[in-house]
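Read through the structure below, which is laid out as structure tokens, and then see the notes.
The values are calculated or read from the model by the stated rules, or taken from the named source; none is laboratory data. Values in this document were obtained by computation on a predicted structure and should not be read as measured data. No Cβ is skipped: glycine too gets one built from the backbone with ideal geometry, and neighbour counts run over all protein chains shown.
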Amino acid sequence: MPGLLTPLEFKGLVLRNRIVMPPMASDVATPEGEPTRRHYDHYLPRARGGVGLVIVEHSYIEVRGRLTRTQLGIHHDGMVEPFRRLADAIRETGARVAVQITHAGGATTEEVCGTRPVGPSEVPHPRTGKAPRALGEDELPALVEAFAAAARRVRMAGFDAVEIHGAHGFLLNQFLSPLTNQRRDGYGGPLERRARFPLEVVRAVRQAVGPDYPVMYRLGAADNLPGGLTLEEAQAVAPRLVEAGVDLLDISGGLGGSRPAGAPPGYFVPLAVGIKAVVKVPVVVTGGITDPHFADEIVREGKADLVGIGRALLADADWAKKAIAALATS
Ligand SMILES: Cc1cc2nc3c(=O)[nH]c(=O)nc-3n(C[C@H](O)[C@H](O)[C@H](O)COP(=O)(O)O)c2cc1C
């Protein structure tokens, strides 16, 4: 069985190992959403440390979907050049690099996004306690197109892949979750209809980037709230996402956030195992993993194909370098 340091190829993209820097908002963009020097300070040391794949933090597809005022934005063509410089700098280290594209939907606030936040239904969001304005069916095609246009820019900027954010209680997760989606039209109700908007986004992204470009999806594979999305439901959706054009599933969870308090290391491994059982594409797992031997075991035991190292990489930019040395001598 391959281990953490075994290279991985998917959709023609070759990663030097299976260590992933998962998207982590450094939240130091200009008010216009452009990368700053501080993004380079955030990504380059960690990429140089030997990470296989860097996923640049969540970047909004339209201003109405931003979560903070200093979030990265890939919402218009003027962002292609500034993002290209960041992509080039990270790629030069030998890491491969993706960007996560997102819409916060009902998880943001009017002060930040400039209008009443929008979501699938007018029910309070677990992050804010406030209810967004429910999107009309006629408003959805423009949002699908905004995701597609953002993905096209990611490709134009020279990134190796795009990741669609479908976790942590943001817009696509809001559509999939029975807690935040209580629509009675063709986009709500049974799972199949709740999955319709995320699937439309994936198909449009695939169309926009072409057949050969790697598309990843961060799937919130369980809401971890009473009455929320379950792993069984996520297992039904995952193969549909793949059919629609996803080449890699990045497994996370939590409608209210990705870091359940007091959870043991590898707390989302059971979700990854459940999703791996129903798809053939590579699966990433992230969550509380800090020990390189444990990360290696997850891969060797076939529980996931790649491992995301978040806060441990924030704490130590050389995490990958040390992991490579530790695993090489063991
Ligand atoms: C400061 C910070 C910012 C984060 N920003 C994002 C983000 O932009 N997109 C995302 O999908 N997850 C985000 N996350 C979640 C991480 O990608 C990861 O799933 C989580 O931290 C659990 O992994 P860990 O225990 O290795 O840190 C963030 C986490 C942290 C700590």
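If you go through region 55-96 and keep only what is surrounded by 24 or more Cβ atoms within 10 Å (Cβ to Cβ), within 30 Å of Gly119 (Cα to Cα) and among the hydrophobic types (A, V, I, L, M, F, W, C), you end up with Ile55, Val56, Ile61, Leu72, Ile74, Phe83.
Scanning region 302-330 for residues that are away from the ligand (no atom under 14 Å from the Cβ), without any contact (Cβ under 8 Å) to a residue 12 or more places away in the chain and not aliphatic (A, V, I, L, M) yields a single hit, Thr329.
Does Gly129 qualify as being in contact (Cβ under 8 Å) with a residue 40 or more places away in the chain, surrounded by fewer than 16 Cβ atoms within 10 Å (Cβ to Cβ) and out of contact with any helix residue (DSSP H, G or I) (no Cβ under 6 Å at 6 or more places or on another chain)? Don't jump to the end; show me each part of the working.
On the way: in contact (Cβ under 8 Å) with a residue 40 or more places away in the chain: no; surrounded by fewer than 16 Cβ atoms within 10 Å (Cβ to Cβ): yes; out of contact with any helix residue (DSSP H, G or I) (no Cβ under 6 Å at 6 or more places or on another chain): yes.
For Gly129, the condition - in contact (Cβ under 8 Å) with a residue 40 or more places away in the chain, surrounded by fewer than 16 Cβ atoms within 10 Å (Cβ to Cβ) and out of contact with any helix residue (DSSP H, G or I) (no Cβ under 6 Å at 6 or more places or on another chain) - is not met.
Considering region 226-235, the residues that are buried (at least 19 other Cβ atoms within 10 Å of the Cβ) and in a loop (DSSP other than H, G, I, E, B) include one that is farthest from the chain's Cα centre (by Cα), namely Gly228.
Here's the yes/no breakdown for (1) within 27 Å of Asp160 (Cα to Cα); (2) touching a Lys or Arg at 6+ places or on another chain (Cβ under 9 Å); (3) surrounded by fewer than 20 Cβ atoms within 10 Å (Cβ to Cβ):
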residue	(1), (2), (3)
Arg184	no, no, yes
Gly189	no, yes, yes
Arg193	no, yes, yes
Pro211	yes, no, yes
Leu219	yes, no, no
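What number of residues within region 23-40 satisfy the criterion of being of a type in the set (Gly, Ala, Ser) and surrounded by fewer than 16 Cβ atoms within 10 Å (Cβ to Cβ)?
0
Picking from residues in region 239-298 that are among the acidic types (Asp, Glu) and in a loop (DSSP other than H, G, I, E, B), the one that is farthest from the ligand (Cβ to nearest atom) is Asp247. The set of residues in region 23-67 that are more than 16 Å from the chain's Cα centre (by Cα), within 15 Å of the ligand (Cβ to nearest atom), within 23 Å of Ser252 (Cβ to Cβ) and in a helix (DSSP H, G or I) comprises His39, His42, Tyr43, Arg46.
State whether one or more residues within region 212-225 are away from the ligand (no atom under 12 Å from the Cβ) and either in a strand (DSSP E or B) or among the aromatic types (Phe, Trp, Tyr) (or both). Yes, because at least one residue in region 212-225 is away from the ligand (no atom under 12 Å from the Cβ) and either in a strand (DSSP E or B) or among the aromatic types (Phe, Trp, Tyr) (or both). Picking from residues in region 252-279 that are farther than 23 Å from His58 by Cβ and more than 19 Å from the chain's Cα centre (by Cα), the one that is modelled with the lowest pLDDT is Gly262. Does any residue of region 174-185 turn out to be in contact (Cβ under 8 Å) with a residue 24 or more places away in the chain and over 21 Å from Gly129 (Cα atoms)? Yes, region 174-185 contains at least one residue that is in contact (Cβ under 8 Å) with a residue 24 or more places away in the chain and over 21 Å from Gly129 (Cα atoms).
For region 152-167, a tally of residues being more than 16 Å from the ligand (Cβ to nearest atom) and either buried (at least 23 other Cβ atoms within 10 Å of the Cβ) or closer than 17 Å to Tyr217 by Cα (or both) returns 4.
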